[in-house]
Amino acid sequence: MSVLDAHAGQHVPPSDPPLLNVRTVKTIHAVSVSSEMVPLAKSGGLGDVCGTLPPALQQVGCQVTCFLPAYRCALTSGLPIKPTPIAFTIPMGGKFVACRLLETALPQGQVPVYLIDQPQYFDRVGLYGDAHGEYRDNCERFCFFSRAVVEAIEQLGLTVDIVHCHDWQAGLVPALVRARYKQFRWMESARSIMTIHNLAYQGQFWHLDMPLTGLGWEHFHWQGMEFHGHLNLLKTGIVYADKITTVSPTYAREIMTPEQGCGLDPVLRQRRADLYGIVNGVDYSQWDPRCDRHIPHQYGPESWPEGKAACKLALQQELGLATSPGTPLVGIVSRLVDQKGWDLIVPLLERWGGTREIQWAILGTGEQRYERKLRELAARHAPHIGARLEFSEGLAHRIEAGADMFLMPSRFEPCGLNQLYSLKYGTVPVVNPTGGLADTVVDATPESIAAGTATGFHMAEYSLRGLEQAMERAIDVYTHQKSVWAQIVLRGMQEDWSWGRSAQQYRQVYEDTLAPRDRGRLPSTES
Ligand code: ADP
Ligand code: GLC
């Protein structure tokens, strides 16, 4: 396995290597294809990563062009968007669907972004669904998006070395490139990379959607786009891409096991030589308490006790919690889905809510059953539990700044960004050490405390007991060992999880992908 283990196991906080001297390295032309990208569209960490990795890649000698659907939220994001003269139609099943290309640029780094403007598909309230659930035509929407991207590359005449595709919404693209869709010339030399941000979301649809892909039925077999009789777009990306990456070394190993492989572990094991794990980076221009414009008092490592105390008081007031400086305040910002450990958090809140001297600042949206439960618990224990069931960028930052600890008891976590933000804000993460959480948070043990490397608290097992014990340990240190707590806070704040190192690793994967070698044949049923 060629998993890049730079961050794994050794728990050495990364420091940025010097940037490459871009004059001495060959420029790599990359295209990024994703369904989210800050500041244009975001439902979770995918948006953070796809909006901040491209400028970091520019710093290491790549020239990146991004593609995104022209969602309603993107068109109203405030970035200046211009029309281009490019417009075309794509045959989708029995009809021709027209679109035009719009153009903008990411605020940092001069990264051009092209938006696929097809209002019937993308001018909607949500990215993937609304109050009634997932949109029923998601297969059609993202097959269209993928086919429009390769058409747009052709019409723009872009130079392309690497097409970098993120998650199932872009999973069709590697197959289009390998199959030389419409015989586009640039596909002869271009290579593709599939990045898996979350294996649990696969974009699986019934087989009769196959004509929407623009590829023939010869690709619909068990070593191609088919998965147990269905069309599976993430599997498509995994099978047809030249290389595969995921967002932490531990998750790269986990997804090859039956326990965490979501059914695709045999496919991933088959491609283990091409699978890399690279930890996500943080955009510290947005997520650093020294310059965060969303928080009431800015602070850094030298001023954290006063800065956090002021942010904590403001957060307690904002959420209607008792304004008590010494009560430990636990923050959670999370999608309300099973992945994030809500099946443990809810029983813990039920058990501790009214009895313990602990406060909770919770921000999340997601499954109705969890929203209902949180509303009920917050009403019952008002001075202790503040919950906001909405999407609020500002409150997410204020929770990072105002809380003393940050809880992420995820059942699985490909990388996780909130624990990385928490480290920088001096908000000690309490985590289940799975995936990226294992790679980025060092458990406070007597040894790691003595060595000065501790940055958080690990659950010993995924259970209510495991969660309770980890929380008890954290609260005990917070309450009774103030100097140890300060050491843990400071160590986290001093770590550097910015993109520099990870962008270098992506560049290395690009170089490996472009290294001359025989390209495999198209996947076929012959062995
Ligand atoms: P995931 O992508 O699985 O949701 P990550 O930890 O990688 O998890 O990233 C989550 C991102 O989404 C973070 O930037 C977090 O602050 C943000 N986020 C999640 N829920 C909300 C919310 N309700 N309001 C604002 N931001 C949110
Ligand atoms: C996914 C994962 C999360 C990761 C994010 C960005 O949403 O659930 O762990 O940080 O993608 O890669």
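Values as computed for the structure displayed
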| item | result |
| --- | --- |
| Alpha carbon centroid spacing (whole Å) that separates the stretch 182-208 from the stretch 105-153 | 15 |
| Amide proton proximity set for G129, modelled H, under 5 Å, gap of 5+ | Y135 |
| Mean separation of Cα contacts under 8 Å, 6 or more apart, over the residue count of the stretch 304-496: relative contact order % | 20 |
| Percent carbon-and-sulfur accessible area, the stretch 304-496, ignoring ligands, DNA and RNA, probe 1.4 Å | 53 |
| 1.4 Å probe accessible area per residue over the stretch 304-496, in Å² | 35 |
| Loop trypsin sites (Lys or Arg not before Pro), the stretch 72-148, which have at most 13 other Cβ atoms in a 10 Å radius of their Cβ (DSSP) | R136 |
| Cα gyration tensor, the stretch 308-402 - rounded (a/c under 1.5), prolate or oblate | oblate |
| Value at 222 nm in deg cm²/dmol, rounded to 500, when DSSP H runs of n ≥ 4 in the chain each add -39,500 (n - 2.57) | -10500 deg cm²/dmol |
| Under 13 Å, Cβ to Cβ, from L423 - net charge with Lys/Arg +1 and Asp/Glu -1 | -3 |
| The stretch 453-462 - phi-based ³J(HN,Hα) in whole Hz, Karplus 6.51/-1.76/1.60, Gly and Pro as x | 9, 5, 10, x, 10, 9, 6, 7, 7, 7 |
| GluC sites (Glu not before Pro) within the stretch 324-403, DSSP loop, no more than 12 other Cβ atoms inside 10 Å | E390 |
| Positive-pole candidate from L490, P383, A470, dipole of the stretch 304-496, charges at beta carbon | P383 |
| Charged-residue dipole, Cβ positions (Lys, Arg, Asp, Glu), the chain about Cα centre, Debye nearest 20 | 660 |
| Cα shape, the stretch 257-356, gyration tensor, a/c 1.5 rule | oblate |
| The stretch 56-99: chymotrypsin sites (Phe, Trp or Tyr not before Pro) in DSSP loop, at most 14 other beta carbons within 10 Å | none |
| Placed amide H near M459: partners under 5 Å, 5+ positions off or other chain | V431, N432 |
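The values are calculated or read from the model by the stated rules, or taken from the named source; none is laboratory data. Keep in mind it's a predicted model, so treat the numbers as computed, not measured. Here the Cβ is made from the backbone with ideal geometry for all residues, glycine too, and neighbour counts use every protein chain on show. To get the accessible areas, we keep the full protein, side chains included, count just its heavy atoms, and leave off ligands, DNA and RNA. Shrake-Rupley method; radii C 1.70, N 1.55, O 1.52, S 1.80 Å.
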